[in-house]
Amino acid sequence: MEMLLAFGTLGLLFASSALADDVLVLTQQNFDKEVGHDRGALVEFYAPWCGHCKKLAPEFEKLGANFKRAKSVLIGKVDCDEHKSVCTKYDVQGYPTIQWFPKGSLEPKKYVGPRTAESLAEFVNSEGGTNVKIANLPSSVVVLNDDNFNEIVLDETKDVLVEFYAPWCGHCKSLTPIYEKLATAFKLEEDVVIANLDVDKYTDVAENYGVSGYPTLQFFPKGNKAGEDYHGERELDDFVSFINEKCGTSRDTKGQLTSKAGILPSLDTLVKEFVSASNDDKKTVLSKLE
């Protein structure tokens with residue numbers, strides 16, 4: 001019984017550390033608790049469908065990542081589709097709107113500068129009295145090229161998701177922060193590779209795989225390297241579900257193991273059978289382990 005329960009609950013015994021969100025999600029419920037108190041706050045008011053917001057997303061994520069250790073500053077964002085009352089309260093009339101809330105104040109100052117992480121950091125440093133410089137953070141996405149494509153993608157021991165992208169493509173830029181989070185979520189899975197290829201630099205490779213639009217996502221499973229197009233939604237939850245289903249993994253969007261991790265269906269069935277069996281029949285159930 002102890003062996004069965006150990007296998008049946010294995011997913012609960014293993015856990016990886018959660019990946020903290022670097023940009024705090026602000027809502028109607030927590031806005032007044034987080035903003036206007038003992039630290040300044042730079043807040044992006046955005047709409048999920050807004051193209052300019054999608055373009056800003058990777059820059060704002062980079063800003064949040066670099067300021068996450070600055071205790072005197074908060075980098076946050078509000079989804080105005082979900083929390084209209086907050087956006088109305090602060091006179092948001094277009095997306096994205098970026099506002100600075102000084103320490104101890106709910107009277108914001110609108111940011112009107114360039115929408116790059118570097119320019120935003122300069123503004124926050126000036127307003128918040130910090131001295132944070134934007135650093136290029138290490139990426140968990142494997143960068144493919146002419147030399148390593150076959151070695152990585154066609155490796156029979158790996159499941160590989162490849163994004164074929166163009167640097168100038170707006171949809172590709174919007175996907176960047178989501179794809180990076182996906183790669184980070186699965187970075188502890190040795191048999192799973194999240195990779196990308198710049199089609200402007202490696203046109204021949206992209207043409208070999210029939211890439212005609214950007215981004216194109218193709219999945220190359222273990223033992224079958226023909227590749228299959230990914231046609232699902234391009235949200236983090238959808239990507240994570242796809243990888244878990246195709247690769248037999250059990251990660252959530254933060255990279256943590258879910259409660260299903262390590263559970264073998266056959267053993268889990270035996271656990272249920274053992275629990276429901278009478279005392280006389282328990283030995284029969286246990287004998288199935290032999």
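The values are calculated or read from the model by the stated rules, or taken from the named source; none is laboratory data. Everything quoted here is computed from the prediction, not taken from an experiment. Virtual Cβ from ideal backbone geometry, glycine too; neighbours counted across all protein chains shown. Accessible surface areas use protein heavy atoms only, side chains included; no ligands, DNA or RNA. Shrake-Rupley method; radii C 1.70, N 1.55, O 1.52, S 1.80 Å.
Name the residues in the stretch 8-62 that are open to solvent by 50 Å² or more (accessible area, probe 1.4 Å), assigned to a helix (DSSP H, G or I), at pLDDT 90 or above and more than 18 Å from ARG115 (Cβ to Cβ), would you?
ASP32, LYS33, GLU34
Just the residues that are surrounded by fewer than 20 Cβ atoms within 10 Å (Cβ to Cβ) and over 17 Å from PHE67 (Cβ atoms), please, taken from the stretch 96-107.
GLY104, SER105, LEU106, GLU107
Within the stretch 119-132, work out how many residues are out of contact with any helix residue (DSSP H, G or I) (no Cβ under 7 Å at 6 or more places or on another chain) and exposed (fewer than 14 other Cβ atoms within 10 Å of the Cβ).
2
Any residue in the stretch 201-218 that is more than 21 Å from ASN145 (Cα to Cα) and in contact (Cβ under 8 Å) with a residue 12 or more places away in the chain?
Within the stretch 201-218, the first condition is being more than 21 Å from ASN145 (Cα to Cα), and the residues that meet it are none.
No - not one qualifying residue is present in the stretch 201-218.
Among all residue pairs at least 6 apart or on different chains, which show Cβ distances below 6 Å where the first residue, located in the stretch 133-146, is more than 13 Å from GLU180 (Cβ to Cβ) and of a type outside the set (Phe, Trp, Tyr) and the second is open to solvent by less than 90 Å² (accessible area, probe 1.4 Å) and assigned to a strand (DSSP E or B)?
LEU144/ALA195; LEU144/LEU197
Could you run through the stretch 145-189 and say how many residues are under 21 Å from the mean Cα position of the chain (by Cα), of a type in the set (Phe, Trp, Tyr) and not in a helix (DSSP H, G or I)?
Kept after step one, since they are under 21 Å from the mean Cα position of the chain (by Cα), are these residues of the stretch 145-189: 158-167, 169-189.
Next, only the ones that are of a type in the set (Phe, Trp, Tyr) stay: 164-165, 179, 186.
Okay, now just the ones that are also not in a helix (DSSP H, G or I), so 164-165, 186.
Result for the stretch 145-189: 3.
Would you say ALA185 is within 29 Å of ASN244 (Cβ to Cβ) and either touching a residue at least 40 places away in the same chain (Cβ under 8 Å) or in contact with a His (Cβ under 8 Å, 6 or more places away or on another chain) (or both)?
On the way: within 29 Å of ASN244 (Cβ to Cβ): yes; either touching a residue at least 40 places away in the same chain (Cβ under 8 Å) or in contact with a His (Cβ under 8 Å, 6 or more places away or on another chain) (or both): yes.
When the stated conditions are applied, ALA185 passes them.
Is there a residue being over 27 Å from LYS62 (Cα atoms), surrounded by fewer than 18 Cβ atoms within 10 Å (Cβ to Cβ) and not aromatic (Phe, Trp, Tyr) anywhere in the stretch 176-196?
yes
If I filter the stretch 262-272 for residues that are surrounded by fewer than 16 Cβ atoms within 10 Å (Cβ to Cβ), under 25 Å from the mean Cα position of the chain (by Cα), assigned to a loop (DSSP other than H, G, I, E, B) and modelled with pLDDT under 95, do I get at least one hit? Walk me through how you get there before you give the answer.
Here is the first cut: in the stretch 262-272, the residues surrounded by fewer than 16 Cβ atoms within 10 Å (Cβ to Cβ) are 264-266, 269, 272.
Next, only the ones that are under 25 Å from the mean Cα position of the chain (by Cα) stay: none.
Looking through the stretch 262-272, none of the residues is surrounded by fewer than 16 Cβ atoms within 10 Å (Cβ to Cβ), under 25 Å from the mean Cα position of the chain (by Cα), assigned to a loop (DSSP other than H, G, I, E, B) and modelled with pLDDT under 95.
So SER119 fits all but one of (1) assigned by the TED database to the domain that holds ASN66; (2) at positive phi; what number is the exception?
(2)
Condition first: of a type in the set (Ser, Thr, Tyr), more than 26 Å from LYS133 (Cβ to Cβ) and open to solvent by less than 60 Å² (accessible area, probe 1.4 Å). Now tell me which residues in the stretch 64-95 satisfy that.
TYR90
List the pairs whose first member sits in the stretch 226-249 and is open to solvent by 40 Å² or more (accessible area, probe 1.4 Å), whose second member is in a loop (DSSP other than H, G, I, E, B) and polar (S, T, N, Q), and whose Cβ atoms are under 7 Å apart, counting only residues at least 6 apart or on separate chains?
ASP237/THR253
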